[in-house]
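The values are calculated or read from the model by the stated rules, or taken from the named source; none is laboratory data. Computed from a predicted model, the values in this text were never measured in an experiment. All Cβ positions, even for glycine, are placed from backbone atoms using ideal geometry, and neighbour counts span all protein chains on display. Accessible surface is based on the protein model in full, side chains and every heavy atom, while ligands, DNA and RNA are left aside. Shrake-Rupley method; radii C 1.70, N 1.55, O 1.52, S 1.80 Å.
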Amino acid sequence: IPSRETTSSINRGALPKNYARKLAVKGVNMATGVIIQNPKNGLTRIGYFGFSWTYLFFGWWVPLIRGELGVAALHLLFTICTFGLWQLIVAFLYNKQYMVRMLEKGYVLKDEPHLMARARAALGIAEV
């Protein structure tokens, strides 16, 4: 369990170095993390780009835990209506959709230049 100091320092932008490593399991790439920050209030989060194994295994629980209640409700409905096929398809799309929503809310990429360049390429956004 993270301590109160650790949690508060993460929210203020003090994330540990190399927190967002690209993992590979038998040649299968995992999602890559990148720091995003809201310049208005300084809130810092880790966003991801790439295939979402988390969504594949946990489905609509992922947006629920990330605080997107409306998105979670829609994903639950679509998962039920498609007998789980929705969960398989959205695993390829979820991280990009989440990052786009966060960037539309005002968050900006705030990480090492090479990670930000990879994130921009994966998300299809122009450099500012």
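Worth a mention:
- Rolling a 1.4 Å probe across all protein chains gives Lys96 an accessible area of roughly 100 Å².
- Here Asn38 and Ile80 are evaluated by their C-beta separation; at R0 = 30 Å the FRET efficiency comes out at 0.35.
- Charged neighbours of Gly70, selected by a Cβ distance under 14 Å, balance to +2 (K, R count +1; D, E count -1).
- Extension gain for Glu127-Leu103 works out to 7.4 nm (0.36 nm per residue, less the C-alpha to C-alpha distance).
- The residues Met30, Met116, sorted by heavy-atom accessible surface at 1.4 Å with ligands and nucleic acids left out, run Met30, Met116 from largest to smallest.
- Exposure of Arg101 as accessible area (Å², to 10), given a probe of 1.4 Å and all protein chains: 60 Å²
- Taking all protein chains together and rolling a 1.4 Å probe, Leu77 ends up with roughly 90 Å² accessible.
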